[in-house]
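The values are calculated or read from the model by the stated rules, or taken from the named source; none is laboratory data. It should be emphasised that the depicted structure is a prediction, and the values quoted were computed from it without experimental measurement. Backbone-built Cβ (ideal geometry, glycine too); neighbour counts: all protein chains shown. The protein model used for the area step is the full one, side chains on, heavy atoms only, and it has no ligands, DNA or RNA in it. Shrake-Rupley method; radii C 1.70, N 1.55, O 1.52, S 1.80 Å.
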Amino acid sequence: MNKNINLIIGSGVLGAYLASELLRKREEVIVSTRSIKKIMKNYHYLKIQKKVKFVKLDINKKIEIKKTIKEFTPNKIFYFAGQSSLSKSPRKKKETFLSHLNGTKNFLHVIKEENLKIKFFKANSGYIFSPQKGLIDLNCKFSSNNNPYIKAQQRTFKLIKKFRKFGLNLFNLVFMQIESPLRPKEFFIKKVCLGAKYKKKIAVGNIDTYRDYSWVTEIVKAIILTSELNAKDFIISAGKKVSGKEILSLSYKLNKLDYKKYFSVKEKFYRKSEDKFLIGSSKNSLYLKKNFNFEFKIFGNRLINKMYKFL
């Protein structure tokens with residue numbers, strides 16, 4: 001039986017955890033990166049750097065994409081590249097559109113022109129949608145927010161749907177908030193847990209918003225299960241809400257501290273046109289339960305406990 005070959009585009013956190021889970025299933029993993037010389041810290045942290053094949057690839061050059069696909073003949077391609085900061089994207093508008101839209105477009109053209117049967121997965125953020133009564137599902141309208149990160153992914157989402165009509169195996173994978181120990185320290189839950197663990201005072205933005213946080217190891221398991229299905233669009237998240245205030249309280253309570261004494265609210269951390277509720281509908285993951293008897297178990301208090309213990 002031939003071993004499945006997976007090509008992961010981008011060396012970020014989600015791709016690293018996906019690589020780890022695929023390797024555990026004894027599948028082959030190739031990871032593309034812009035610079036083969038840089039230290040793959042995410043892969044070192046997960047102790048899989050010697051088990052993964054790293055290749056240099058410029059996603060803006062179709063000839064390099066075609067050469068890489070021909071060399072490794074992957075069964076699945078996970079496009080997890082792209083400028084990943086909502087707040088930084090206005091300053092990095094060109095990079096944001098090139099990394100999300102142009103790179104994806106190049107892969108789709110190569111797959112179509114070469115008539116390849118590869119399954120192709122593009123990661124997208126739940127921020128591309130405007131919630132209905134606080135909930136996100138695939139029937140929601142696109143957000144009217146003009147942030148480049150959101151606009152680039154909306155256009156990419158549409159592009160995947162357009163090319164799927166040619167009979168290609170293309171998937172849009174939409175995620176809400178994904179947490180892991182490898183998250184940058186300025187991201188909210190990690191920032192709060194670090195403050196709680198080391199008894200530090202922290203500055204935060206709006207703590208009266210509710211978000212849907214999932215733990216990365218469960219997300220990648222769900223991705224792999226979803227990848228066995230027919231090509232379509234999927235929203236993958238725990239579908240549970242927790243507020244910024246609850247995260248503060250739960251985190252500092254782990255160190256027997258009163259969170260009210262350890263935080264201040266700063267306007268600079270507020271996001272413009274921010275929805276109070278941005279939660280994936282629980283209906284989004286019913287297919288995982290039905291097809292694979294899979295349910296998310298790490299969210300809310302349990303997720304915060306895991307982050308705190310990992311730091």
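Residues in the stretch 30-61 that are open to solvent by 70 Å² or more (accessible area, probe 1.4 Å) and either in contact with a helix residue (DSSP H, G or I) (Cβ under 7 Å, 6 or more places away or on another chain) or in a helix (DSSP H, G or I) (or both): 41, 44, 45, 51. Hey, any hits in the stretch 153-170 for a residue that's at pLDDT below 95 and out of contact with any Ser or Thr (no Cβ under 6 Å at 6 or more places or on another chain)? Scanning the stretch 153-170 turns up no residue that is at pLDDT below 95 and out of contact with any Ser or Thr (no Cβ under 6 Å at 6 or more places or on another chain).
Screening the stretch 62-85 for residues that are within 20 Å of the chain's Cα centre (by Cα) and in a loop (DSSP other than H, G, I, E, B) and picking the one that is surrounded by the fewest Cβ atoms within 10 Å (Cβ to Cβ) gives 85.
For the stretch 255-271, residues that are part of a loop (DSSP other than H, G, I, E, B), in contact (Cβ under 8 Å) with a residue 60 or more places away in the chain and open to solvent by 40 Å² or more (accessible area, probe 1.4 Å) total 4. Of the set (1) open to solvent by less than 30 Å² (accessible area, probe 1.4 Å); (2) over 30 Å from residue 309 (Cα atoms), all apply to residue 144 but (1).
Residues in the stretch 6-29 that are touching a helix residue (DSSP H, G or I) at 6+ places or on another chain (Cβ under 6 Å) and either in a helix (DSSP H, G or I) or of a type in the set (Val, Ile, Thr) (or both): 8, 13, 16, 17, 18, 21, 29. Filtered by the rule that a residue be open to solvent by 30 Å² or more (accessible area, probe 1.4 Å) and small (Gly, Ala, Ser), the stretch 1-29 gives 12, 20. Based on what the data block shows, is residue 291 open to solvent by less than 90 Å² (accessible area, probe 1.4 Å), farther than 20 Å from residue 248 by Cβ and not hydrophobic (A, V, I, L, M, F, W, C)? So residue 291 passes the test.
Of the residues making up the stretch 209-242, those that are touching a strand residue (DSSP E or B) at 6+ places or on another chain (Cβ under 8 Å) and part of a helix (DSSP H, G or I) number 5.
Of the strands (runs of 3 or more DSSP E) that lie entirely inside the stretch 136-208, those containing 1 or more residues that are under 24 Å from residue 220 (Cα atoms) span 169-175, 177-179.
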